[in-house]
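Take a look at the structure below.
The values are calculated or read from the model by the stated rules, or taken from the named source; none is laboratory data. It should be emphasised that the depicted structure is a prediction, and the values quoted were computed from it without experimental measurement. Reconstructed Cβ throughout: ideal geometry from the backbone, glycine too, with neighbour counts over all protein chains shown. All accessible areas refer to the heavy atoms of the entire protein, side chains included, with ligands and DNA or RNA removed. Shrake-Rupley method; radii C 1.70, N 1.55, O 1.52, S 1.80 Å.
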Amino acid sequence: LERSRQKNIGKEHAKWIPVAVATFQIDPIVKINEGVMDNLTAAQQKSFAKSCPSKVFKYVEDRGVTVVDNRKCVYCRECLYWSEDRTDVNEVEDLEDLVSIEQSTDTFIFTVETTGVLPPEEIVKQSLDILRGKLREIESAIQGIEQKHSG
């Protein structure tokens, strides 16, 4: 009985793809305008907190609505829509500024699910090594073109 083993990448054949799913999401920044929130009744604040299907917000007695976890936000915008159809908050000014959702410019969430062949950390490390090699090839090709045109 003779066995051999070969290491390669998924570009060559699907059997070398150790990842089941790889995703990234821009890190959300969710901010509540406390000045506007304080003008809502406790019932309205509870209703607002419940408007989020991902449970980003929580109503706490004597504290009002707080952001529990920014990263639970899936950008569904339900919290923003909550104020648009309200008929019971006419006296509250700047209701459209109640909450803001922004995207982080320097942070994202990267998730790697594996098939079990390699740990996710190793997959990311090897992927970065392959990317570095490809970037070196591009850099070398650009330098070759520059030398060809300058010489």
| query | Quick check: is even one residue across the stretch 41-55 within 19 Å of SER104 (Cα to Cα), without any contact (Cβ under 8 Å) to a residue 40 or more places away in the chain and surrounded by fewer than 14 Cβ atoms within 10 Å (Cβ to Cβ)? | reply | no
| remark: Residue hits (the stretch 63-82; over 20 Å from the mean Cα position of the chain (by Cα) and more than 15 Å from GLY35 (Cα to Cα)) are TYR81, TRP82
| remark: Residue count, the stretch 104-151, condition surrounded by 10 or more Cβ atoms within 10 Å (Cβ to Cβ), within 24 Å of ASN70 (Cβ to Cβ) and among the β-branched types (Val, Ile, Thr), comes to 5
| message | Restricting to the stretch 83-97, count the residues that are part of a loop (DSSP other than H, G, I, E, B) and touching a residue at least 60 places away in the same chain (Cβ under 8 Å). | response | 1
| request: For the stretch 58-82, enumerate the residues that are in a helix (DSSP H, G or I), aromatic (Phe, Trp, Tyr) and open to solvent by 50 Å² or more (accessible area, probe 1.4 Å). | output: TYR81
| field | Selection within the stretch 27-40 - surrounded by 14 or more Cβ atoms within 10 Å (Cβ to Cβ) and in a helix (DSSP H, G or I) | value | VAL36, MET37
| query | LYS46: in a strand (DSSP E or B) and of a type in the set (D, E, K, R), yes or no? | reply | no
| query | Which one of the conditions (1) modelled with pLDDT under 95; (2) touching a strand residue (DSSP E or B) at 6+ places or on another chain (Cβ under 9 Å) does GLU78 fail to meet, given that it meets all the rest? | reply | (2)
